[in-house]
Amino acid sequence: MSAKLNATNTLRVTRIASVKTENQTTKTYTFKDARCAKAKPGQFLMLWIPQIDEIPLSIMNTEGNSVSVTVKAVGDATRHLHNMKQGETIGVRGPFGNHFTQNNGNVLLVGGGTGTAPLLFLAKQLATKTKRLSFIIGAKTKNELLFLNQLDPLCTEQPVAATEDGTYGLKCLATQPLETLLAEEGKEKFKMVYACGPEAMTRQVFNLTEKHGVQMEASLERLMRCGIGLCGSCMIGKYRVCKDGPVFNSQQLREVKDELGISKLGFDGNRIPL
Amino acid sequence: MNSNPLSTRLAGLELRNPTALASGILGYSPESLQRIAEAGAGAVVTKSVGLTPRVGYPNPTVVQANCGIINAMGLPNPGIAEYASEIRYAKTVLTVPFIVSVYGYSAEEYAAVAKAAATAGADAVELNVSCPHVKETGSEIGQNPKLLTQVIRQVKAATSKPVIVKLSPNVTDIVEIAQAASAAGADALTAVNTVRAIAIDAETALPILSNTRGGLSGPAVKPIALRCVYDIYEKVKTPIIGCGGITTWKDAVEFILAGASAVQIGTALAQKNPAVFQTINRGITAYLKKKKYRSIKEIVGKAQRN
């Protein structure tokens, strides 16, 4: 067993250093872990909640030896995590998976809900490299729009916000302003669109980038167990989301488009609709 | 005359090379099995499938040990009725022997699942009588020669396809179990499944796996698995498929020298990706050439002293 995998996959026990409430359903947890603090945007970690579960989470930020993850309470494990406080014990393995490539041309990031978290991490690194950095951020309602204040100074133009109920920004899905930006004339084309969010959104982003001939990378999510490419729980097409992904490019998304935004494997391996 | 030095015949199956995907790794989906075959595997074995769906255990289901991995997935599977359609599809795309791993809670269940798998197109079935972490199946059957005999006999009566029996190392005398399996009609024996193990976190003073106990795989178990193959080959005529920590071509060659006609690879896929099959096969080919053997068949059991 290679020393690197061994060390990356070894469970490290740490304590929650801080908890920040982002909105009623979402919190950001920060803790020390030297290994995950070296992660690249797009990678994920496995977080152990003792006696409850172990869940995959996208990395939202790293700073020094610290790493942050943003978690929405959606199930037993995440609800339990939401009740945990600073100083309580958690475990971590990782970082796992591939990462976004970092394009230094004109780029457009599209984030939906908590999918904005890894894109914020990416935007921080792209801000110093790209000519044009545009951001579309979508959510159901105003207070679910995450990280708008942090994104603003990283972008070369004001981020476009879209809410389904119109409580902030445009009243539409994030894909509507995307269509506008991809179709705009007289400007240099985007070199890359990065997307992370609900898979129905990602599917639409994929369809639009294909239509406009723009490359994209999307971070996908599936049920995961091992996180290291062994168990096959997170397959999409022939790919393991945990090891071959979680970031997939246009070429790979074409190969899995029968499943993208349509179905995933349940815990018993049966295909279930998304 | 066959010029491929790696080709081998086992339990009536023709393998283009002796490396197979071990059960439990990378799932059920025809796409992933095809990817493994394209990467160079000589055969593929599915994750174990039973009569009815099982969701398996909650996480943590995997924990890293020194030189190995401990897992307790809990036999998650979609059930044979649902999986049969995937078997039918897999059979149309796979060009290597396609082995379906089956488990049950009784001889009747093993037979029913095996029959359904064979009918749907499996080239052979591998009986999981050695899973160390689910009650009333797996190793609870494979540790008991009487029960094991009943299971194999009923499966043999239910299907004409080759029946491979995957043995547990968690027994006092694996040769006794191998002899029972052989006498009951097993066409090949896979040696071995994972070694029963546990991981404890000192900080929280808790076992890490949700199921508390699991099975150890990877390089840590290789010497144990190698000894099991050596011991079985000494006393039993049934062909053996070596399994346990095989990561390099040298590991594979050692298993063949101990008496294995083929090998299975699992945990190595975590660090080496599916290309591991090609790497190992190239290494075996180079070894045969260097040692002036024309076929791997010439070296099966060559390390045996008697």
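The values are calculated or read from the model by the stated rules, or taken from the named source; none is laboratory data. From a predicted model like this one, the values you see are computed outputs, not experimental measurements. In this analysis, Cβ positions are derived from the backbone assuming ideal geometry, glycine residues included, and neighbour counts consider all displayed protein chains. Only protein heavy atoms, including side chains, enter the accessible area calculation; ligands, DNA and RNA are left aside. Shrake-Rupley method; radii C 1.70, N 1.55, O 1.52, S 1.80 Å.
Put simply, of B:L26, B:L94 the only residue that is over 30 Å from B:K292 (Cα atoms), surrounded by 22 or more Cβ atoms within 10 Å (Cβ to Cβ) and within 14 Å of another protein chain (Cβ to nearest Cβ) is B:L26. Among the residues of the range A:168-186, what is the count of those that are farther than 17 Å from A:R132 by Cα and open to solvent by 70 Å² or more (accessible area, probe 1.4 Å)? Summing the residues that are farther than 17 Å from A:R132 by Cα and open to solvent by 70 Å² or more (accessible area, probe 1.4 Å) in the range A:168-186 gives 5. Within the bounds of the range B:101-112, is there any residue that is surrounded by fewer than 22 Cβ atoms within 10 Å (Cβ to Cβ), within 11 Å of chain A (Cβ to nearest Cβ) and either closer than 28 Å to B:R196 by Cα or not acidic (D, E) (or both)? Looking through the range B:101-112, none of the residues is surrounded by fewer than 22 Cβ atoms within 10 Å (Cβ to Cβ), within 11 Å of chain A (Cβ to nearest Cβ) and either closer than 28 Å to B:R196 by Cα or not acidic (D, E) (or both). Of the strands (runs of 3 or more DSSP E) lying entirely inside the range A:176-274, the ones with 3 or more residues being at pLDDT 95 or above are found at A:192-196, A:216-219, A:247-249.
Here A:K129 qualifies as assigned by TED's automatic domain parsing to the domain that holds A:N207, in a loop (DSSP other than H, G, I, E, B), surrounded by fewer than 19 Cβ atoms within 10 Å (Cβ to Cβ) and of a type in the set (K, R). Any residue at all in the range A:35-51 that is outside the structural domain of A:T116 (by TED's automatic domain parsing), of a type in the set (K, R) and out of contact with any His (no Cβ under 8 Å at 6 or more places or on another chain)? There is at least one residue in the range A:35-51 that is outside the structural domain of A:T116 (by TED's automatic domain parsing), of a type in the set (K, R) and out of contact with any His (no Cβ under 8 Å at 6 or more places or on another chain). Is it true that some residue in the range B:190-203 is within 14 Å of another protein chain (Cβ to nearest Cβ), in a loop (DSSP other than H, G, I, E, B) and without any contact (Cβ under 8 Å) to a residue 40 or more places away in the chain? Within the range B:190-203, one or more residues are within 14 Å of another protein chain (Cβ to nearest Cβ), in a loop (DSSP other than H, G, I, E, B) and without any contact (Cβ under 8 Å) to a residue 40 or more places away in the chain.
A residue that is away from chain A (no Cβ under 12 Å) and either buried (at least 23 other Cβ atoms within 10 Å of the Cβ) or of a type in the set (A, V, I, L, M) (or both) occurs somewhere in the range B:50-57.
Counted as qualifying within the range B:209-306 are the strands (runs of 3 or more DSSP E) with 3 or more residues that are more than 14 Å from every other protein chain (Cβ to nearest Cβ) and either among the charged types (D, E, K, R) or buried (at least 24 other Cβ atoms within 10 Å of the Cβ) (or both), namely B:240-243, B:260-265.
Scanning the range B:43-92 for residues that are within 15 Å of A:G232 (Cα to Cα) and polar (S, T, N, Q) turns up B:T46, B:S48, B:N59, B:T61, B:N71, B:N77.
Filtering the range A:37-89 to residues that are away from chain B (no Cβ under 14 Å), part of a strand (DSSP E or B) and open to solvent by 20 Å² or more (accessible area, probe 1.4 Å) leaves A:S58, A:N61, A:T62, A:E63, A:S66, A:K72.
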